[in-house]
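Undergrad: Mind having a look at this structure? Questions to follow.
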Amino acid sequence: MVGIEKKEIIKKLQQEILSLEGFKSATTDLQQEDIGFQLMADAFPRHTFPKGTIHEFISQTAACATAVSGFVSSILSILMNNDTPCLWISTKRSLFPAGLGYFGVQPDKIIFIDITKDKEALWVMEQALKCSALSAVVAELSEVSFTESQRLQLAVEKSQVTGFLHRRKPRRENTLACTARWKITPLASYTENGLPGVGFPLWEVNLEKIRGGKPRKWALGWRDNKFISIAAEQAPQQRTLKKQAVCLNVS
């Protein structure tokens, strides 16, 4: 009995700490089974993808940047399921909006803002994150300081808008106040039964850190508007930009 009571006390304390850190209880508006989030649920606090917080993505190559765009677009497909608009900010955008349809995102529901400097992009992102009328804000830039990331995190704690901070070729991978840090690497596209042609997108998804959760790594694909799990030993090891692009990039 004593052991059970201790476990209950620890569980309650963990829930209270998560609440203080800005994590809300799981709600029906983000059903994990909708796009296959249950495949990653064990890594998330409360087994639920963290909304209303900042997710950091790092890409060092053009191929990885394309993979990040696809992975983030997949998540947006459910965050925007009530037609709530999203803001996409970029200092060097290569995204092809029409390609978003493959991931279940209507490009006319995204407001694109193209600017030239990281500081400007951060300012726009901070202001946008304060607007609860948005479902999410995506920003593509390079350099972010810890203090700047703190301002972004404070903004989402009030509005509960989810932020995606995509750092392309940063000079260093400094620590930020973000809830999670992801790295997405493209793998050769996936086809069933060895069929020829361009198959379904496949990524190596590396969740390097997550507050209140457990870092993990998966091989995931995207098919029929949801994530699919590909066993690591079955996943192709050869990376390819041509097959991974799936019309997301202009070049």
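Undergrad: Of the listed pairs LYS130/LYS217; LYS51/LYS226; LYS130/LYS214, which have alpha-carbon separations greater than 20 Å here?
TA: Check vs 20 Å cut-off fails for LYS130/LYS217; LYS130/LYS214.
Undergrad: At R0 = 35 Å, how high is the FRET efficiency between THR116 and SER229 if r is their beta carbon distance? Nearest 0.05 is fine.
TA: Values: r = 40 Å, r/R0 = 1.14.
The value I calculate is 0.30.
Undergrad: Something else now. Among the trypsin sites (Lys or Arg not before Pro) in the stretch 73-127, which ones are in a DSSP loop with at most 14 other Cβ atoms within 10 Å of the Cβ? Mind listing them? Don't jump to the answer; show the numbers that get you there.
TA: Details: sites: LYS92, ARG93, LYS109, LYS117, LYS119; in loops: LYS92, ARG93, LYS117.
Here the sparse-neighbourhood loop sites are LYS92, LYS117.
Undergrad: Using bins 5 angstrom wide from zero, how does P(r) for the stretch 35-244 break down, in % of all Cα pairs?
TA: 1, 7, 16, 20, 22, 17, 10, 4, 1, 0
Undergrad: Say each of ALA98 and ASP42 gets a label point 7 Å from the Cα, pointing the same way as Cα to Cβ; how far apart are those two points in nm?
TA: Distance between label points: 4.2 nm.
Undergrad: What's the center-to-center distance, using Cα atoms, between the stretch 83-114 and the stretch 118-165 in Å?
TA: The two parts, judged by their Cα centres, are 16 Å apart.
Undergrad: With each label point set 7 Å from Cα along the Cα-Cβ vector, what nm distance links GLN150 and SER132?
TA: 2.6 nm
Undergrad: Taking the beta-carbon count within 10 Å as an exposure proxy, list ARG216, ARG171 from fewest neighbours to most.
TA: Least to most surrounded, the residues fall as ARG171, ARG216.
Undergrad: Based on Cβ point charges of +1 for Lys and Arg and -1 for Asp and Glu, what charge dipole magnitude is obtained for the stretch 35-244 about its Cα centre, in debye rounded to the nearest 20?
TA: Here the stretch 35-244 has a charge dipole of around 400 debye.
Undergrad: How far, in nm, would the chain grow between THR175 and GLN106 when pulled straight, counting 0.36 nm per residue and subtracting the alpha carbon separation?
TA: 21.5 nm
Every read-out reported here was derived from the displayed coordinates using simple, explicitly stated rules and does not represent laboratory data. Remember, predicted model here, so these are calculated numbers, not experimental data. All Cβ positions, even for glycine, are placed from backbone atoms using ideal geometry, and neighbour counts span all protein chains on display.
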